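Here the structure is laid out as structure tokens; the discussion comes afterwards.
The values are calculated or read from the model by the stated rules, or taken from the named source; none is laboratory data. Remember, predicted model here, so these are calculated numbers, not experimental data. Don't worry about glycine lacking a Cβ; one is built from the backbone with ideal geometry, like all the others, and counts go over all protein chains shown.
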Amino acid sequence: MKEKTEKNLGALGAEVSTEFPVKEMIDQAFDAMTRAYTPYSGFKVGAALLAADGTLYQGCNIENAAYTPSNCAERTAFFKAVSQGVKDFKAICIVGGKEGIPTGLTAPCGVCRQVMMEFCDPETFRIILAAGREEYQIFSLKELLPMGFGPDNL
Ligand code: THU
């Protein structure tokens with residue numbers, strides 16, 4: 001995997017340094033989105049989660065006829081990694097759109113942000129929201145979940 005350093009402006013205007021393969025993550029998120037199981041909403045989401053050792057874990061949303069057992073793409077990726085003993089993460093890339101066609105950025109739902117809070121440092125964990133290979137924005141978890149409640153609070 002080719003490592004790449006890019007500079008981006010975070011949502012709050014602060015410069016965010018990203019020392020991870022952004023383009024590869026976007027590609028993998030788009031690839032995961034093709035496997036989304038969405039017979040009910042038709043809204044497909046793909047995620048690519050970068051572990052500290054450089055491994056990428058893909059995730060897609062998986063819906064259910066009973067609705068509430070549905071799982072978001074981000075949590076699929078996290079739970080795959082954690083179930084394999086991996087708990088250190090650097091970043092996640094998320095893409096989404098009706099029938100798999102992005103019309104803008106897809107931000108993680110509140111439940112997924114809370115799962116990120118369990119395993120990631122909100123200051124350093126990066127969330128890449130992409131609508132295309134050249135169209136993306138990078139946020140810190142702290143920006144998307146200010147004053148989050150996590151393991152350090154207990
Ligand atoms: N969804 C995700 O997979 N991730 C998000 O962060 C937002 C929502 C999924 C859940 C459901 O299958 C569909 O998108 C519509 O809400």
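Applying the selection to the range 85-109, what residues are of a type outside the set (Val, Ile, Thr) and free of Cβ contacts under 8 Å to residues at least 24 places away in the same chain?
Once the filter is applied, which keeps residues that are of a type outside the set (Val, Ile, Thr) and free of Cβ contacts under 8 Å to residues at least 24 places away in the same chain, the range 85-109 yields only Gly85.
Search the range 73-118 for residues being part of a strand (DSSP E or B) and away from the ligand (no atom under 14 Å from the Cβ), and hand back the single one that is surrounded by the fewest Cβ atoms within 10 Å (Cβ to Cβ).
Across the range 73-118, the extreme among qualifying residues is Lys90.
Which of the numbered conditions does Glu74 fail, given that it passes all the others? Conditions: (1) out of contact with any Leu (no Cβ under 9 Å at 6 or more places or on another chain); (2) acidic (Asp, Glu); (3) touching a residue at least 24 places away in the same chain (Cβ under 8 Å).
Here Glu74 meets the rest and fails (1).
Considering the range 81-113 alone, what residues qualify as being touching a Gly at 6+ places or on another chain (Cβ under 8 Å) and either β-branched (Val, Ile, Thr) or over 16 Å from Ala47 (Cα atoms) (or both)?
If the condition is that a residue be touching a Gly at 6+ places or on another chain (Cβ under 8 Å) and either β-branched (Val, Ile, Thr) or over 16 Å from Ala47 (Cα atoms) (or both), then Ile94, Val95, Thr103, Thr106 are the ones that fit.
Is it the case that the range 40-62 has a residue that's in contact (Cβ under 8 Å) with a residue 40 or more places away in the chain and β-branched (Val, Ile, Thr)?
Checked against the condition, which is being in contact (Cβ under 8 Å) with a residue 40 or more places away in the chain and β-branched (Val, Ile, Thr), the range 40-62 yields at least one hit.
From the list Ala52, Ala36, which residue is modelled with pLDDT of 95 or more and closer than 25 Å to Glu123 by Cα?
Ala52
Residues are listed down the side, and each one gets a yes or a no for (1) within 13 Å of the ligand (Cβ to nearest atom); (2) buried (at least 16 other Cβ atoms within 10 Å of the Cβ); (3) part of a loop (DSSP other than H, G, I, E, B):
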| residue | (1), (2), (3) |
| --- | --- |
| Ala29 | yes, yes, no |
| Tyr40 | yes, no, yes |
| Val45 | yes, yes, no |
| Leu49 | yes, yes, no |
| Asp53 | no, no, yes |
| Thr68 | yes, no, yes |
